[in-house]
1. How long are the semi-axes of the ellipsoid equivalent to segment 67-221, from square roots of 5 times the Cα gyration tensor eigenvalues, in whole Å, largest first?
2. Only bridges with both residues in segment 118-252 count here: give the DSSP antiparallel percent, nearest 5.
3. Segment 73-146: which trypsin sites (Lys or Arg not before Pro) are DSSP loop and have at most 16 other beta-carbon atoms within 10 angstrom?
4. Give me C51, C115 ranked fewest to most by other Cβ atoms within 10 Å of their Cβ, as a rough exposure proxy.
5. Mind listing the phi-derived Karplus ³J(HN,Hα) values for segment 47-58, rounded to whole Hz, using 6.51, -1.76 and 1.60 with θ = phi - 60°, and x for any glycine or proline?
6. With respect to the cross-link table entries K165/K190; K210/K261; K197/K261, which display a Cα-Cα separation exceeding 32 Å?
Amino acid sequence: MSQRSTSQRAPAGRSADTDATPPAPAAPPPDQALVHGVSSLQGARPTMEDCHIATTHKASLTAPLVGIYAIFDGHGGTLAAETAAALFVPHLTTSTDHFPDGDLALALTATTAACEHAVLEASRSSRSYAGSTLTGMVVRHSDLVCVNVGDSRVVLGRRGGTVAKPLSVDHTPANSEEADRISKAGGFVKDNRVMGKLATSRSLGDMDYKEHRGIHFPPTMAGAHGPLVTATPDITRVVLEEDDDFAILACDGLWSVISNKAAVRLVGRALRRFNDVPAATDALARAALLRGSTDNVTVMVVALGWTPHSASPAFGGRFSLHGDSSTTRSTTGSAGGMGTSLRNGMAALSALRSARGGQDGGLPKRKLLKGWRQREAIRDGDVASMPVAR
């Protein structure tokens, strides 16, 4: 962020040439000042249990601007997600020796452990069995480092949204390595769930799957002799290249109904259409609801680039991947959405169909469109006057 210089008048009796405060050095040009958007929709769930972080950190005027992004998909209440989200950035930026100039993988590992400790302490105090996944990434210069605990996901979009590269692996009991670990701890997998109940095999919190004593551990899991669910993070590091255009972070409410490739293609097309990262983010989140997701859906799209106001050749130079500072716009709401949900919902449907090569893929287009119109007619009272395209 550029700083505006200020002039100072020398006090009487002093020489301005010798006593005036020397001017601050000019601020460096934006360095990975990433434009990003967040859309968090409650969906059909009775409550919203997701939390998210999207911020930047600059240790000094000459230090690199570091982007910090994370999504916490809570379950069994909001305690775990809220506790971890509140601690994540403060611990990462102040309590490790590896941030911002050191090993970001070690910094993220230490911060995940601190979040797990804090969530379990809060769970014991509240006698809560709440849990949360954690998926996040830190961007510094051309380094992108991901951390993942659970079944949320980070996917890199390349070449204008034509190539999808997953940066995390889902931690679910369907994974043979996870199922084997659960079995060795004295548990079992049923219907691709830990003990037939929990859909994720790694998480923050979920004390009833980790602590095997007294009231903290239900009698139904009395045969367990080790943690059935762990908070061990997977860390992935990539060096960004010129054709790396954006990253998508999202909870399983999105990935359960939209594939990596379809999500990346949708965002790429939406960016070309809207020239706006938050609008593309919102379109992707609403596409998940249109595809039938009944879960909370939180989606974050972070635009990646190399120089201010430039774009990958795949975007034809029409889309600015950088901004002069880190900017964000968030959308929150239920399935009915905000006042612009008709427009964004139709755009999401259009983008989704385009991402699937123009095929409906079984989507009842007329019925869905009617549903969007009916919900917005109730909210806004005048659907006909709302613009359809942006």
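1. Numbers: eigenvalues 159, 85, 31 Å².
They are 28, 21, 12 Å, listed largest first.
2. On the way: 28 of 29 bridges.
Looking only at bridges with both residues in segment 118-252, the antiparallel portion is about 95 percent.
3. Hits after loop and neighbour filter: R127.
4. C51, C115
5. Along segment 47-58, the couplings run 9, 9, 10, 8, 10, 8, 10, 8, 8, 10, 9, 9 Hz.
6. K210/K261
Since every read-out is calculated from the coordinates, none of them should be taken as a lab result. It should be emphasised that the depicted structure is a prediction, and the values quoted were computed from it without experimental measurement. Every residue, glycine as well, gets a Cβ built from its backbone with ideal geometry; the counts of neighbours run over all protein chains shown.
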